[in-house]
1. With the condition kept exactly as written, say whether any residue in the stretch 291-314 is closer than 15 Å to residue 157 by Cα and either touching a Pro at 6+ places or on another chain (Cβ under 9 Å) or buried (at least 23 other Cβ atoms within 10 Å of the Cβ) (or both).
2. Are any residues in the stretch 126-154 of a type in the set (Asp, Glu) and closer than 20 Å to residue 109 by Cα, and if so, which ones?
3. Going by the conditions given, is residue 214 under 30 Å from residue 400 (Cβ atoms) and touching a strand residue (DSSP E or B) at 6+ places or on another chain (Cβ under 8 Å)?
4. Is it the case that some residue within the stretch 341-356 is modelled with pLDDT of 90 or more and either part of a loop (DSSP other than H, G, I, E, B) or open to solvent by 10 Å² or more (accessible area, probe 1.4 Å) (or both)?
5. Considering only the stretch 291-335, state which residues are touching a residue at least 40 places away in the same chain (Cβ under 8 Å) and small (Gly, Ala, Ser).
6. Return the pair list, or none, for Cβ contacts closer than 6 Å from residues in the stretch 36-58 that are at pLDDT below 95 to residues that are open to solvent by less than 80 Å² (accessible area, probe 1.4 Å), at least 6 apart or on different chains.
7. If I go through the stretch 198-215 residue by residue, how many of them are open to solvent by less than 20 Å² (accessible area, probe 1.4 Å) and on the phi > 0 side of the Ramachandran plot?
8. Could you list all residues from the stretch 233-259 that are exposed (fewer than 12 other Cβ atoms within 10 Å of the Cβ) and in contact with a Ser or Thr (Cβ under 8 Å, 6 or more places away or on another chain)?
Amino acid sequence: MPALKKITLTVTAAAVLSSLVLAPASAAEKDKEKDKQPQPNHVMSSVGGEQLSKVGTQVNLGPGAPVLPKGLTGRSWIVADAESGQVLAAHNSHWRLPPASTMKMLFADTLLPALQPATLTHTVKDSDLARLGEGSSLVGVKEDHTYTVHDLWLGVFLRSGNDAVHVLAEMYGGMPQTIAAMQKHAEELQALDTTVVSPDGYDAPGQVSSAYDLTLIARSGMQKKDFREYAATASADFPGEKKKKGKKRETFEIQNTNRLITGDNGVDPYKGIAGVKNGYTTHAGNTFTGVAERDGRVLLVTVMNPSADESHAVYKEAAHLLDWGFAASGKVRPVGELVPPKSVDTGAGTVSGGKGAQPAAGADQGSGGQAKAANAAAARGSGGVGVALAIVGGVLVALAAAVFLVNRRWPLPGLGRRAPQD
């Protein structure tokens with residue numbers, strides 16, 4: 001055999017052997033990398049569709065659809081069309097994880113119908129604030145000071161104030177009653193991954209939710225006009241120390257902790273953002289649910305516990321997912337859906353019961369306490385849309401436009417819930 005032919009055969013054989021050896025090694029390395037990623041430690045729910053129960057990223061790309069953003073590190077995330085309910089993409093969306101202060105969305109969605117009037121006031125007692133967790137986020141509620149319900153809701157939505165949550169819970173009837181009501185409401189929404197232990201989202205054994213559930217809850221909350229306006233408020237004045245005799249009570253400014261609304265610290269305000277809620281605890285990491293409008297579409301996104309070392313990764317990953325969702329709308333086949341509440345209104349807006357017709361719990365209520373609250377908010381310059389529309393320039397004008405569009409499109413037909421019967 002000629003020497004050149006021998007060399008050729010030797011080189012070819014070596015190449016074949018190398019591919020046989022190296023290919024498994026490469027696959028093994030990929031498996032190792034995959035194993036490093038946190039995985040759900042339980043069988044995930046199939047609420048919303050079987051594909052949502054699968055581990056890992058779920059997306060069905062169609063022709064012309066953009067690929068998902070690179071570098072996503074959230075343990076769990078979801079992108080959904082807020083109006084149709086279609087889930088465009090998801091990653092471990094039913095993984096039951098600590099929710100941190102995103103739990104306040106369920107708190108607000110549950111209690112807002114009962115605690116609306118701006119004229120309703122409460123003088124805070126020591127016992128109202130006795131069980132605040134160490135290191136809680138606070139808005140600055142003080143004992144022996146009087147606040148309106150409107151003030152307290154601003155404290156919940158803007159500063160994620162656990163002190164405001166505790167006071168509102170006491171006004172509602174106490175912590176046990178509040179927790180029971182929240183759990184019942186979660187079950188009505190089919191947010192079945194959610195277990196409520198602490199209504200403010202403070203770390204507590206057994207308290208969990210999921211990206212899917214938080215998105216359901218946000219969608220339900222956005223049915224309420226006051227919820228939408230509080231969630232979109234960028235800044236407001238909050239009552240300070242008691243007024244001295246003959247002097248007006250002092251106030252101080254509070255700013256929304258949602259960086260996609262306000263920007264700051266390396267995060268750009270997101271064009272079209274209209275809420276909803278962020279959170280952080282040591283156990284939960286960073287969590288975020290947001291809603292945004294662009295070109296006639298309204299999307300919801302939730303990101304839970306990104307592992308990236310990058311500062312404010314939860315906002316940046318949420319923004320990337322929203323960008324992808326707007327670009328991918330109409331070009332992907334849904335991987336699931338956001339299910340409606342267990343009992344939905346037939347469209348009449350009221351249901352009959354032992355106490356007569358009542359407004360659907362999820363519907364906008366344009367009169368009575370809610371209207372007074374909205375009017376008071378606008379008059380005081382701290383009521384979400386009213387504030388944004390009154391301010392000229394920059395981010396808040398863009399925010400106002402987004403909120404106006406979202407307000408115009410909500411409440412969504414067919415999502416009104418029957419009011420619970422006593």
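The values are calculated or read from the model by the stated rules, or taken from the named source; none is laboratory data. All values reported here derive from a predicted model rather than from experimental measurement. Here Cβ is always computed from backbone atoms with ideal geometry, including for glycine, and neighbour counts include all displayed protein chains. Each accessible area value is taken on the protein alone, full model and side chains, heavy atoms only, with ligands, DNA and RNA left out. Shrake-Rupley method; radii C 1.70, N 1.55, O 1.52, S 1.80 Å.
1. Going residue by residue through the stretch 291-314, those that are closer than 15 Å to residue 157 by Cα are 291.
This time we only want the ones that are either touching a Pro at 6+ places or on another chain (Cβ under 9 Å) or buried (at least 23 other Cβ atoms within 10 Å of the Cβ) (or both), so: 291.
Within the stretch 291-314, one or more residues are closer than 15 Å to residue 157 by Cα and either touching a Pro at 6+ places or on another chain (Cβ under 9 Å) or buried (at least 23 other Cβ atoms within 10 Å of the Cβ) (or both).
2. 151 - this is the single residue of the stretch 126-154 that is of a type in the set (Asp, Glu) and closer than 20 Å to residue 109 by Cα.
3. Considered against the rule, which asks whether it is under 30 Å from residue 400 (Cβ atoms) and touching a strand residue (DSSP E or B) at 6+ places or on another chain (Cβ under 8 Å), residue 214 comes out as yes.
4. yes
5. Once the filter is applied, which keeps residues that are touching a residue at least 40 places away in the same chain (Cβ under 8 Å) and small (Gly, Ala, Ser), the stretch 291-335 yields 292, 307, 308, 311, 313, 318, 319, 325, 327, 328, 329.
6. 40/92; 40/95
7. 1
8. 253
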